[in-house]
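This report concerns only the one structure given below.
The values are calculated or read from the model by the stated rules, or taken from the named source; none is laboratory data. Just so it is clear, the model here is predicted, and its values are computed rather than measured. Positions of Cβ are generated from backbone atoms using ideal geometry, with glycine treated the same way; all protein chains shown enter the neighbour counts.
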There are 2 protein chains.
Amino acid sequence: MVQQEHKIRLAILGATGNVGRKFLEILEQRNFPISSLKLLASEKSVGKMVQFQGKEYKVELATKNSFKDVDIVLASAGASVSKELAPHAVKAGAVIIDNSSAFRMEQNVPLVVAGVNDHVLKKHKGIIANPNCTTAQLVVPLKALHKLAGLKRVIVSTYQSVSGAGKSAMDELTEQSKNHLSENNYSFKAINRKFAFNVIPHIDTFLEDGYTKEEAKVINESRKILELPDLSITCTAVRVPVYIGHSESVNVELNHPATKEQILKAFKGFPDLEVFDEPSESKYPMAIDIAGTDPVYIGRIREDKSNPNTFNMWIVADNLRIGAALNAVRIAEELLKQNLLKISVV
Amino acid sequence: MVQQEHKIRLAILGATGNVGRKFLEILEQRNFPISSLKLLASEKSVGKMVQFQGKEYKVELATKNSFKDVDIVLASAGASVSKELAPHAVKAGAVIIDNSSAFRMEQNVPLVVAGVNDHVLKKHKGIIANPNCTTAQLVVPLKALHKLAGLKRVIVSTYQSVSGAGKSAMDELTEQSKNHLSENNYSFKAINRKFAFNVIPHIDTFLEDGYTKEEAKVINESRKILELPDLSITCTAVRVPVYIGHSESVNVELNHPATKEQILKAFKGFPDLEVFDEPSESKYPMAIDIAGTDPVYIGRIREDKSNPNTFNMWIVADNLRIGAALNAVRIAEELLKQNLLKISVV
């Protein structure tokens, strides 16, 4: 996809987290053309050694001065770190692709899902935002449906894995589950709740209107990415005891009539979207099956006969890949393809 | 609630299953007035001894001739057993309160959630049906909302515990979880899928239109109980790795405007419905907390600002109690109260 003569001086901010490690895995898998690699993290990870393409890299402390001679920064270190460091990366001449919520809703920052709205990349001023993982997988089929028949109303209920809350939450799911099964008492850490063998209708903090920040992100970011600022969309975001893979039950009302056949055709022709929908053979996407893979999967597509032009569907994707690291790497590839970087030709 | 001089000759059909055992627990807790008790089950449970009110009862084989001298049968033995045996129970003079799907949609059979539509009990001809557990908890707040402002459209996504699939599924969740955590291979039994650390958008078998039977039950049974045959309602039914307690994410559009305050007041005044909704203190109902209790819990009540007169909410209840055994016992109590049984006065 990327011409090999354009080699990139890359930095990863938050290199040791759930998404940071996925950045490295995906860069390696896609043979992303790197001439130099800086691994940046907070104090507690400094000095750790990380393997990449058969070479050892030492994790360095992320500071304002970390971005000299860097073309692209892939960042996943949380909103406060991004807010502090992104302006310095831009000042040093880098483009930062940021996985945090820090800049997503800023007017001058393109919020991009590769394959859905790459055309806005050309407006970037050094910072490009990656949406929330739940939004990233949602807008792929929504974009396909909007092109087909126009979106009128969208109602989303999510089933989100604990990896969205970080590596510590994954470890804690194991620990809580073991303790629950052996009937030990246990305390809570990463998520302040019993989440083993439970579902929790609460992700991120509550806003004044009763929605969580997670739900507000899905609503606001979907509208921005789809360029439909008045789209009627609502969301209930729920944590489930799954390690990797977010699932979404989505009811979509279209502006114009469409048949299931037309919808399937639109989905099958859309990049990075896999239809997996054979109810007669009990086939539909499941988190446990798709973890570690790239596409957004869609199944259980069926007409909601109780409302005109409306369909139910079930959308599943690896939240660490399409929802985070993979999308960031694809955006980087697209920047190279569209020649939107000052590239150091080695 | 029931006058003690009216003592009931009771039979329990399916006495050793998940719901059968709950029948006994709830009858004991509510001090239901029993003069005799027959425990009926299939061959594999015959001879088992079961404690009730400090006395031992032997499980007998359920046959066509099991219902002599029985006033009420509480049945939870599956649709095929109910279809075969219910007519014999009625012929023998008993009233059967059936937890299976066998008779729910038959025109002459009242489908009842106690507190929601008790008034239809008087039409019974010997068989009274208990709805699907997912429906039972859903129609409680829906009835309250309908009385307040009329229901226009309802969109349901469920998070259903494995106890709905029987005791074997609960045991298998433990087994699958242990094997998953110790990275052993394992086979599937009760539910033909890996359901530990996974969510499965498939409960009961698939119908030709792409819906599952479970989803069709929620749609059809809700319409019947609410006496709204044309209600616009749809459902996506999903299994989650939770032992007991079904959760539901529900979007409700009302016919007329209502404020959140009016809705809270309507819920608080409705029997068996508990509002648990303090987002600022991170309070909302969760399956793991409410298992073993009677009410339907509701929280996360908030306006869907993207559509007129529409609200999101989160409904949680113990599927073995309100969704099955408790509702059946309440119906039996109501039959006594309304004097709708031939009662053997001891």
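Couple of notes before you dig in:
- Filter result for the condition that a residue is out of contact with any Ser or Thr (no Cβ under 9 Å at 6 or more places or on another chain), assigned by TED's automatic domain parsing to the domain that holds A:V218, modelled with pLDDT of 95 or more and more than 30 Å from B:F195 (Cα to Cα), over A:L121, A:L145: A:L145
- Qualifying residue in the stretch A:233-249 (condition: in a strand (DSSP E or B) and farther than 24 Å from B:M313 by Cβ): no
- No other residue among B:K260, B:K268 is over 28 Å from B:A165 (Cα atoms), facing chain A (nearest Cβ under 9 Å) and either in contact with a strand residue (DSSP E or B) (Cβ under 9 Å, 6 or more places away or on another chain) or modelled with pLDDT of 95 or more (or both) apart from B:K260.
- Meets criteria (of a type outside the set (S, T, N, Q), at positive phi and at pLDDT 95 or above) for A:G54: no
- Among the conditions (1) of a type in the set (S, T, N, Q); (2) under 25 Å from A:V252 (Cα atoms); (3) at pLDDT below 95, the only one that A:N132 does not satisfy is (3).
- Any hit, the stretch B:298-319, residues being at positive phi and more than 8 Å from chain A (Cβ to nearest Cβ): yes
- Test: B:N184 is without any contact (Cβ under 8 Å) to a residue 40 or more places away in the chain and assigned to a loop (DSSP other than H, G, I, E, B): yes
- Filtered by the rule that a residue be β-branched (V, I, T) and over 18 Å from the mean Cα position of the chain (by Cα), the stretch A:272-292 gives a lone residue, A:V275.
- Residue match in the stretch A:280-287 (condition: assigned by TED's automatic domain parsing to the domain that holds A:L142, in contact with a helix residue (DSSP H, G or I) (Cβ under 9 Å, 6 or more places away or on another chain) and in a loop (DSSP other than H, G, I, E, B)): no
- Residue among B:I219, B:I203 that alone is under 20 Å from B:N130 (Cβ atoms), in contact with an Asp or Glu (Cβ under 7 Å, 6 or more places away or on another chain) and surrounded by fewer than 23 Cβ atoms within 10 Å (Cβ to Cβ): B:I203
- Residue ID - farthest from B:R330 (Cα to Cα), chosen from residues in the stretch B:9-24 that are assigned to a helix (DSSP H, G or I) and modelled with pLDDT of 95 or more: B:L24
- Screening B:I225 against (1) surrounded by 23 or more Cβ atoms within 10 Å (Cβ to Cβ); (2) touching a strand residue (DSSP E or B) at 6+ places or on another chain (Cβ under 8 Å); (3) more than 26 Å from B:N117 (Cα to Cα); (4) at pLDDT 95 or above leaves a single unmet condition, (3).
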